[in-house]
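Taking it in order: structure first as structure tokens, then the write-up.
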Amino acid sequence: MSTIDAPYPAHQDYGNDVHVVEYGEQTIIVVGTAHISQESVNLVKRVIEQERPDCVCLELDDKRYQALTQKQQWDALDLKTIIKNKQLSTLLISLLMASYQKRLGGKLGVIPGAELLMAAQTAKELDIPVSLCDRDVRITLRRAWKSTSFLKKGYLVASLLASLFDKSEISAEKLEELKQKDVLTELMDEMGDTLPDLKRVLIDERDLYLVEKIKSSPGKRIVAVVGAGHVAGMLDKFAIDNRHKIAEVTLIPPVSKGYKIAGWTIPLLIIGSIGVIGSQKGVAEAGHNILFWVLANGIPSAIGALLALAHPLTTLSAFAAAPLTSLTPVIGAGYVTAFIQVLTCPPVVKEFESAGEDIGSFAGWWKNRLLRIFLVFLFTGLGSAIGTWVGGYEIFKNLVS
């Protein structure tokens, strides 16, 4: 069992953001921080220096830790593999959220995650081991994406984009409020109760994961540095053994059978309808329907590529791929064209580095070749979807006429 004393004993004068948990033989000092607050940076350094713990636990996974403590090696990011693994959507969400956090941090003059970087640096200076206790960010984003319905995915992306393009000044009162809370919690608050599944994945599951990883970290005296938005949920979980749930919250949900069946239904209906048209009205009529299908899919997808200012070969691939990818749920036109765009017009390192800033302006999406890949992916995929409905409607109309 564990006992909780919140806040930390007054004689230390750490304030209300520091809590102590007694768990078995361990004393765990939980420091709740705002990821864009200089006060949090100072508090973290002070607590670690005064407590001299056996271990410092951070709300970071290996990927985010490397990004904070080392100069990012953007050339190590293999876009072709990301596209092959169908992870462009999660990469886009990651960029949008990072840019959102950076924009708020810029208002306060603090680099997002500065308090976590300070914790790592202070621990290193004092020769204290560091334990990375957060779930792999790629798993978190993929679980969040899969847990969100199609319509709510659109709402999420729209909300993030709206926050990026919102150039209104943040009031002094709002800035003070942001200093007291986790930026991710602020984002969840802005979205309200519209995306409960997203909150469950981004906040609640990670509360559980963080607690179990902290409890399993070495040492009897531990300082755990986590976002303020996680503290309340974490404190309730220290007394509960949730080790058996770790596998559950690190699993990427497979595509449901119902979704797979639905994904094949439309292609099979279209192919079957063309076959019936051919048998009833002749090969020539079937050929006309096939040609309509090709044009109905190819033209909107190619227009999408043109709107994204894609490479000419990407535009040709959009026209050629859309009629075929629309007949299979295995891969979409957007992934094919994004892959071709990477091959024909790969982004350079400085465009990776400036993506967080460029993403906040309309012109930046077309100027930055990394962001243009996302435009290609989105616009050609949308064009193909439009073509599928237009082409399918025409074919079914000809079948029953």
Handout entry: Residue count, the stretch 37-57 (criterion: polar (S, T, N, Q) and closer than 22 Å to Ser217 by Cα)
Key = 1
Exercise for the section: Check Gly360 against each of (1) assigned to a helix (DSSP H, G or I); (2) surrounded by fewer than 24 Cβ atoms within 10 Å (Cβ to Cβ); (3) small (Gly, Ala, Ser) and name the one condition it does not meet. Expected result: (1)
Completion exercise
Considering the stretch 233-291, residues that are in contact with a Gly (Cβ under 8 Å, 6 or more places away or on another chain) and in contact (Cβ under 8 Å) with a residue 60 or more places away in the chain, and then whichever is farthest from Ala322 (Cα to Cα), we arrive at Glu285
Completion exercise
Filtering the stretch 308-342 down to residues that are hydrophobic (A, V, I, L, M, F, W, C) and over 24 Å from the mean Cα position of the chain (by Cα) yields Leu309, Ala310, Leu313, Leu316, Ala318, Phe319, Ala320, Ala321, Ala322, Leu324, Leu327
Problem - Odd one out for Thr328, checked against (1) assigned to a helix (DSSP H, G or I); (2) under 17 Å from Ile83 (Cβ atoms) - result: (1)
Problem - Considering residues of the stretch 214-230 that are assigned to a helix (DSSP H, G or I) and within 22 Å of the chain's Cα centre (by Cα) only, the residue surrounded by the fewest Cβ atoms within 10 Å (Cβ to Cβ) - result: Ala228
Exercise for the section: Select from the stretch 235-262 the residues that are within 22 Å of the chain's Cα centre (by Cα), among the aliphatic types (A, V, I, L, M) and surrounded by 12 or more Cβ atoms within 10 Å (Cβ to Cβ) and list them in ascending order. Expected result: Ile246, Val249
Practice task
For the stretch 301-321, state whether one or more residues are within 18 Å of Ile266 (Cα to Cα), crowded, with 20+ Cβ neighbours inside 10 Å and not assigned by TED's automatic domain parsing to the domain that holds Ala67.
Solution key: yes
Problem - Scan of the stretch 314-337 for residues that are at pLDDT 90 or above, more than 12 Å from Phe377 (Cβ to Cβ) and among the hydrophobic types (A, V, I, L, M, F, W, C), ordered by number - result: Leu316, Phe319, Ala320, Ala321, Ala322, Leu324
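Okay, residues lined up against (1) at pLDDT 95 or above; (2) touching a strand residue (DSSP E or B) at 6+ places or on another chain (Cβ under 6 Å); (3) assigned to a helix (DSSP H, G or I); (4) under 23 Å from Thr81 (Cα atoms):
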residue: Asn289; (1), (2), (3), (4): no, no, yes, no
residue: Phe339; (1), (2), (3), (4): no, no, yes, yes
residue: Pro347; (1), (2), (3), (4): no, no, no, yes
residue: Leu378; (1), (2), (3), (4): no, no, yes, yes
Problem - Any chance Arg135 is charged (D, E, K, R), at pLDDT 90 or above and over 21 Å from Asn42 (Cβ atoms) - result: yes
Practice task
Out of the residues in the stretch 58-85 that are at pLDDT below 75 and of a type in the set (Asp, Glu), state the one that is surrounded by the most Cβ atoms within 10 Å (Cβ to Cβ).
Solution key: Asp78
Problem - the stretch 231-251: number of residues that are in a helix (DSSP H, G or I), of a type outside the set (Val, Ile, Thr) and closer than 17 Å to Val31 by Cβ - result: 4
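The values are calculated or read from the model by the stated rules, or taken from the named source; none is laboratory data. A quick note: this is a predicted structure, and the numbers were derived from the prediction, not measured. Note that each Cβ is placed from the backbone with ideal geometry, even for glycine, and that neighbours are counted across all protein chains shown.
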